[in-house]
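K.L.:
Below you will find the structure I want to go over with you.
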Amino acid sequence: MNLRQGFLVWTAIGLVPIALAYGVEPQRSLESLFDVPIQNVDGKHIFRAVMGLYLALSAFWIVGACTASLRQAALQSLVVFMAGLAAGRLLSLAVDGMPNRILLFYLALELSHGIAGLLLLGREESPSPTGR
């Protein structure tokens, strides 16, 4: 497994627990983690859709790690995903103020993963030992 493949797999695996926390029981997890009450079907619907998006992208990144022809697109989508989340969080910091510490940790992860993804996009891909 080369660096790009490992990065895609590692990031996908790391995103799955966040996706599940948002979508499996959003009324419980969001209130206990962030003091955000989800009291109706619409709130659950929104966060389960977010879970679906996170899981779909995680699956694509795994497929991209395993399929050379999709690797570039998977890495590009990872960069766009992380940059988009980070941009939204930075906007919220400017407009809304300081959030929960875990959300600042997410921001740091999103910035670092977006930058790392950009750096990997700029590097030539080294062959993996299996030749995939």
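Quick note: the coordinates plus some simple rules give every number you see, no bench work behind them. Values in this document were obtained by computation on a predicted structure and should not be read as measured data. Virtual Cβ from ideal backbone geometry, glycine too; neighbours counted across all protein chains shown.
K.L.:
Got the relative contact order for the chain handy, in percent, Cα pairs under 8 Å and 6 or more residues apart?
P.N.:
With pairs under 8 Å counted, the relative contact order is 31 percent.
K.L.:
Report the full-extension gain for the segment residue 91 to residue 39: residue separation times 0.36 nm, less the Cα-Cα distance, to one decimal in nm.
P.N.:
Separation in residues times 0.36 nm, less the Cα-Cα distance, equals 16.1 nm.
K.L.:
Please work out the FRET efficiency for the pair residue 69 and residue 48, using the Cβ-Cβ distance as r and a Förster radius of 30 Å; give the result to the nearest 0.05.
P.N.:
For residue 69 and residue 48, the calculated efficiency is 0.45.
K.L.:
Return the calculated 222 nm mean residue ellipticity for the chain, to the nearest 500 deg cm²/dmol, obtained by summing -39500 (n - 2.57) across DSSP H runs with n ≥ 4 and dividing by the residue count.
P.N.:
Mean residue ellipticity at 222 nm (helix-derived): -28000 deg cm²/dmol.
K.L.:
Any idea what the dipole of the stretch 3-122 comes to, in debye rounded to 20, about its Cα centre with Lys/Arg Cβ at +1 and Asp/Glu Cβ at -1?
P.N.:
320
K.L.:
Apply the membrane-span-like helix rule to the chain: whole DSSP H runs, Cα extent along the own long axis of at least 15 Å, mean Kyte-Doolittle hydropathy at least 0.0. List the helices found.
P.N.:
3-23, 41-66, 68-96, 101-122
K.L.:
Sticking with this structure for a sec: What order do you get for 58, 32, 69 when you list them from fewest to most C-beta neighbours inside 10 Å?
P.N.:
Arranged by neighbour count, lowest to highest, 58, 32, 69 become 69, 32, 58.
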